[in-house]
1. Write out, first by first residue and then by second, each pair whose Cβ atoms fall under 6 Å of each other, whose residues are 6+ apart or on separate chains, and whose first residue, in segment 30-56, is over 19 Å from Ala68 (Cβ atoms) while the second is of a type in the set (D, E, K, R) and in a helix (DSSP H, G or I).
2. With the structure loaded, tell me whether Val69 is more than 13 Å from the chain's Cα centre (by Cα) and β-branched (Val, Ile, Thr) or whether it fails that test.
3. Within segment 18-43, track down each residue that is surrounded by 16 or more Cβ atoms within 10 Å (Cβ to Cβ), β-branched (Val, Ile, Thr) and part of a loop (DSSP other than H, G, I, E, B).
Amino acid sequence: MRALHVDFAAATPIWSQIEEGLRRLIASAALTPGSAVPSVRELARDLRVNPATVAKAYQRLAEAGVLAVKRGEGTFVAHEPPAMARAERGRVLKEGANRYAALAASLGATSEDAAGELSAAWKRLGNGGPPKKETR
């Protein structure tokens, strides 16, 4: 999977980089619902990481409903995005926003710079904005 990279010098754990990279590929439709993802061993070999590291990322994504494991067949992108209650989604978004704001502040960015980069990231995902679908 050439679109997925890890930064061995980054403070972020490698399993987390893999998890976020796969989420990004799915959100941008580079990986579509139902498509197979590489086996744990295959991705570990490609990224030159321990298979247990990839397995942890895959397990977390499967538990979150992003990936579906079919015994004897492999691991696939889930057909339906994971359903999440509004309160849980709000909690997860707040955590992510706090991490992003802390990163932007530590770089000396203004809130306008950070908001501009967030808007540009949405556009790079190809959807121009958050999905309109509401759950619970």
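Read-outs: derived from the displayed coordinates by stated rules, not from any lab. Since this is a predicted model, take the numbers as computed values, not measurements. With ideal geometry, Cβ positions are generated from the backbone for all residues, glycine too; neighbour counts draw on all protein chains shown.
1. Pro51/Arg41
2. Details: more than 13 Å from the chain's Cα centre (by Cα): yes; β-branched (Val, Ile, Thr): yes.
When the stated conditions are applied, Val69 passes them.
3. None - no residue of segment 18-43 is surrounded by 16 or more Cβ atoms within 10 Å (Cβ to Cβ), β-branched (Val, Ile, Thr) and part of a loop (DSSP other than H, G, I, E, B), so the list stays empty.
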